[in-house]
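Student: Please read through the structure below; I'll follow up with questions.
The values are calculated or read from the model by the stated rules, or taken from the named source; none is laboratory data. On a predicted model such as this, the values are computed, not experimentally measured, just so you know. Every residue, glycine among them, receives a Cβ derived from its backbone with ideal geometry; neighbour counts consider all protein chains shown. Accessible surface areas use protein heavy atoms only, side chains included; no ligands, DNA or RNA. Shrake-Rupley method; radii C 1.70, N 1.55, O 1.52, S 1.80 Å.
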Amino acid sequence: MADATTARNDRAGIVEAALRILDTHGLGDLTMRRLAAELDVRASALYWHFDSKQVLLAALADRIVRAAEVADDASPAEVALALRDALLAHRDGAEVVLSTQALALGEDAPRRRLAEALARTLPQDDADRGAAILLPFVLGHASLVQQRLQAAELGVVPGDGADAADADFRHGVAVILAGLGAG
């Protein structure tokens, strides 16, 4: 159990506990009830900090994306790779961030980071459009890889295909950037 005296009343502590559950059990088992049990509080206490599970997942997605650290002058390809790696660092991380993006919840940091990197070589409108094109590729590819890795862990498919997936990702990013005129 987490230290209930700090995590019970701390939004960041709740998100960290949710991340532990996500990494251990997966998104399907990340319930408000399980999270409350982890924190030794009633599930209703979580709603003091988060209006809904979707808002909690948005905060969790923001936490996952924050780990994608790159230099301020990073290229769009470097930003895309860092985002992908941050998603893959957590079980079902891609699905959490993808669903948050689909519902327009959270900080929108992935799109913003890509747009900022693209704006160093493209006009702002083109950078914003480019980010809107590149982000679904990053999220979708990470989701696909994550599902393949989990299937390999279960013995459903042979190997994990990580090397080929990495090469495919890098090539896909390069093709998209070239098409945007940013590659």
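Student: Which distance in Å, rounded to a whole number, links the C-alpha centroids of region 72-105 and region 108-124?
Tutor: 14
Student: Something else: Find which of Ala94, Val156, Ile176 sits farthest along the positive direction of the dipole of region 84-183, computed with +1 on the beta-carbon of Lys and Arg, -1 on that of Asp and Glu, about the Cα centre.
Tutor: Ile176
Student: Calculate the dipole size of the chain relative to its Cα centre from +1 charges on Lys and Arg beta carbons and -1 charges on Asp and Glu beta carbons; express the result in debye to the nearest 20. If you can, show how the numbers build up before the last one.
Tutor: Values: 18 positive and 27 negative charges, 95 e Å.
With only Lys, Arg, Asp and Glu charged at Cβ, the dipole is about 460 debye.
Student: For region 87-170, what is the charge dipole size about the Cα centre, in debye to the nearest 20, if Lys and Arg each add +1 at the Cβ and Asp and Glu each add -1 at the Cβ?
Tutor: Computed about the Cα centre, the dipole is about 100 debye.
Student: Looking at (1) 57, 31, 29; (2) 47, 44, 42; (3) 53, 41, 26, which value of Cα extents along the principal axes in Å comes from a calculation on the structure shown?
Tutor: It is the one labelled (3).
Student: Which ³J(HN,Hα) values, rounded to whole Hz and listed in residue order, are derived for region 40-52 from phi using the Karplus coefficients 6.51, -1.76 and 1.60 in 6.51 cos²θ - 1.76 cosθ + 1.60 with θ = phi - 60°, glycine and proline given as x?
Tutor: For region 40-52, the Karplus-derived couplings read 6, 9, 7, 4, 4, 5, 5, 6, 5, 9, 9, 5, 7 Hz, x marking Gly and Pro.
Student: With every protein chain left in place and a probe of 1.4 Å, what is the accessible surface of Val55, to the nearest 10 Å²?
Tutor: Approximately 50 Å² for this residue.
Student: How large is ³J(HN,Hα) for each residue in region 95-112, as worked out from phi by the Karplus curve 6.51 cos²θ - 1.76 cosθ + 1.60 (θ = phi - 60°), to whole Hz, x for Gly and Pro?
Tutor: After applying 6.51 cos²θ - 1.76 cosθ + 1.60, I find 5, 4, 5, 4, 5, 5, 5, 4, 8, 6, 9, x, 7, 6, 4, x, 5, 4 Hz.
Student: Please sort 57-64, 136-143, 166-173, 117-124 by packing, taking for each peptide the average over its residues of neighbouring beta carbons within 10 angstrom, highest first.
Tutor: 57-64, 136-143, 117-124, 166-173
Student: Heavy-atom accessible area of Glu153 with all protein chains present, probe 1.4 Å, nearest 10 Å²?
Tutor: My reading of the accessible area for Glu153 is about 150 Å².
Student: Also, I was wondering about something else. Rounded to the nearest 10 Å², what accessible area does Arg112 show when all protein chains are kept and the probe is 1.4 Å?
Tutor: The accessible area comes out at roughly 100 Å².
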